[in-house]
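This report refers to the structure that appears directly beneath it.
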Amino acid sequence: GLKISKICALSQDAIHNLIEEDIQETVSKNQQFEFYITQLLNFGMSYNEAAFDNLLSKCINDNTLTETYSSVIYPMLVRLGLMWRKDSICAAQEHFLTNIIRQKICAAINDLPVPSSDKKTWVLFLPQDEEHEIGVLFANYLLRQAGKRVIYLGSRVPLSSVKEVVKLNKVDSL
């Protein structure tokens with residue numbers, strides 16, 4: 001909500017305080033979801049894979065993957081990004097957390113039936129300079145759950161490759 005010129009004029013402490021305010025805005029009003037977010041972050045920051053995996057699995061089992069994504073995973077990733085900007089976590093911690101989440105979503109996708117080739121076809125990908133695929137991976141899950149055919153290309157896909165996929169397949173949506 002601030003102009004870039006105003007942000008540039010701020011001290012590091014003032015920027016730190018703004019980020020801290022943004023982090024506070026990510027606190028869920030639902031105490032159960034906030035518990036999951038806080039505990040998952042704590043387990044992730046300490047590289048406790050077993051505890052992170054168990055708690056995330058419990059949350060998914062109690063709420064569904066879709067509800068867990070919108071109420072726990074996405075808000076946690078927003079908070080994680082803000083913490084990264086504030087230098088209160090390192091890249092390894094972010095990668096550790098997101099890779100476990102990625103594995104969970106991939107496992108859920110794997111449990112879904114493969115739709116027939118006569119279904120509407122979606123091509124999902126991230127451009128060549130983007131590697132953060134949790135959102136597009138979750139979109140893959142939602143589309144597959146809805147019975148759509150998905151050609152999932154993943155992250156860092158050259159545009160020439162996407163064009164080739166479109167040329168060789170009847171694609172309804174990119």
Within the range 93-119, restricting to residues that are without any contact (Cβ under 8 Å) to a residue 24 or more places away in the chain and in a helix (DSSP H, G or I), the one that is most open to solvent (accessible area, probe 1.4 Å) is Asn110
Among Ile89, Ile37, the single one that is buried (at least 17 other Cβ atoms within 10 Å of the Cβ) and either at pLDDT below 90 or farther than 23 Å from Ala139 by Cα (or both) is Ile89
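Test Lys104 against the stated conditions and say whether it is among the basic types (Lys, Arg) and over 18 Å from the mean Cα position of the chain (by Cα). Before you say what the answer is, go through the steps one by one.
Values: among the basic types (Lys, Arg): yes; over 18 Å from the mean Cα position of the chain (by Cα): no.
It is false that Lys104 is among the basic types (Lys, Arg) and over 18 Å from the mean Cα position of the chain (by Cα).
If we keep just the residues of the range 17-34 that are open to solvent by 70 Å² or more (accessible area, probe 1.4 Å) and in a helix (DSSP H, G or I), which is modelled with the highest pLDDT? Spell out the reasoning first.
First, pick out the residues of the range 17-34 that are open to solvent by 70 Å² or more (accessible area, probe 1.4 Å): 17, 21, 24-25, 29, 31-32.
From what is left, the residues that are in a helix (DSSP H, G or I) are 17, 21, 24-25, 31-32.
Values: Asn17: 71, Glu21: 67, Gln24: 65, Glu25: 71, Gln31: 89, Gln32: 93.
If we take residues in the range 17-34 being open to solvent by 70 Å² or more (accessible area, probe 1.4 Å) and in a helix (DSSP H, G or I), then Gln32 is modelled with the highest pLDDT.
Among the residues of the range 71-124, write down those that are basic (Lys, Arg) and under 23 Å from Ile37 (Cβ atoms). Explain how you work it out, then say what you get.
Within the range 71-124, the first condition is being basic (Lys, Arg), and the residues that meet it are 79, 85-86, 102, 104, 119-120.
Selection gives Arg79, Arg85, Lys86, Arg102, Lys104.
Being of a type outside the set (Val, Ile, Thr) and crowded, with 16+ Cβ neighbours inside 10 Å is the filter here, so list the residues in the range 122-134 that pass it.
Within the range 122-134, the subset of a type outside the set (Val, Ile, Thr) is 122, 124-133.
Selection gives Trp122, Leu124, Phe125, Leu126, Glu133.
Examine the range 159-167 for a residue that is of a type in the set (D, E, K, R) and under 28 Å from Ile37 (Cα atoms), and state whether such a residue exists.
From the range 159-167, those of a type in the set (D, E, K, R) are 163-164, 167; that's our starting set.
When the remaining residues are screened for being under 28 Å from Ile37 (Cα atoms), the result is none.
The answer is no, given that none of the residues of the range 159-167 is of a type in the set (D, E, K, R) and under 28 Å from Ile37 (Cα atoms).
Evaluate the following for Ile60: is it of a type in the set (A, V, I, L, M), open to solvent by less than 60 Å² (accessible area, probe 1.4 Å), modelled with pLDDT of 95 or more and within 12 Å of the chain's Cα centre (by Cα)?
Working: of a type in the set (A, V, I, L, M): yes; open to solvent by less than 60 Å² (accessible area, probe 1.4 Å): yes; modelled with pLDDT of 95 or more: yes; within 12 Å of the chain's Cα centre (by Cα): no.
No, not satisfied.
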Checked pairs for the range 120-134, first under 20 Å from Leu168 (Cα atoms), second open to solvent by 60 Å² or more (accessible area, probe 1.4 Å) and assigned to a loop (DSSP other than H, G, I, E, B), C-beta under 7 Å and 6 or more apart or across chains, list as Lys120/Lys148; Lys120/Asp172; Thr121/Lys170; Thr121/Asp172; Trp122/Lys148; Trp122/Asp172; Val123/Leu174
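The values are calculated or read from the model by the stated rules, or taken from the named source; none is laboratory data. Everything numeric in this text was worked out from a predicted model, so none of it was measured. Methodologically, a virtual Cβ is constructed for each residue, glycine included, from the backbone with ideal geometry; neighbour enumeration extends over all protein chains shown. Surface accessibility is based on the protein's heavy atoms, side chains included, excluding ligands, DNA and RNA. Shrake-Rupley method; radii C 1.70, N 1.55, O 1.52, S 1.80 Å.
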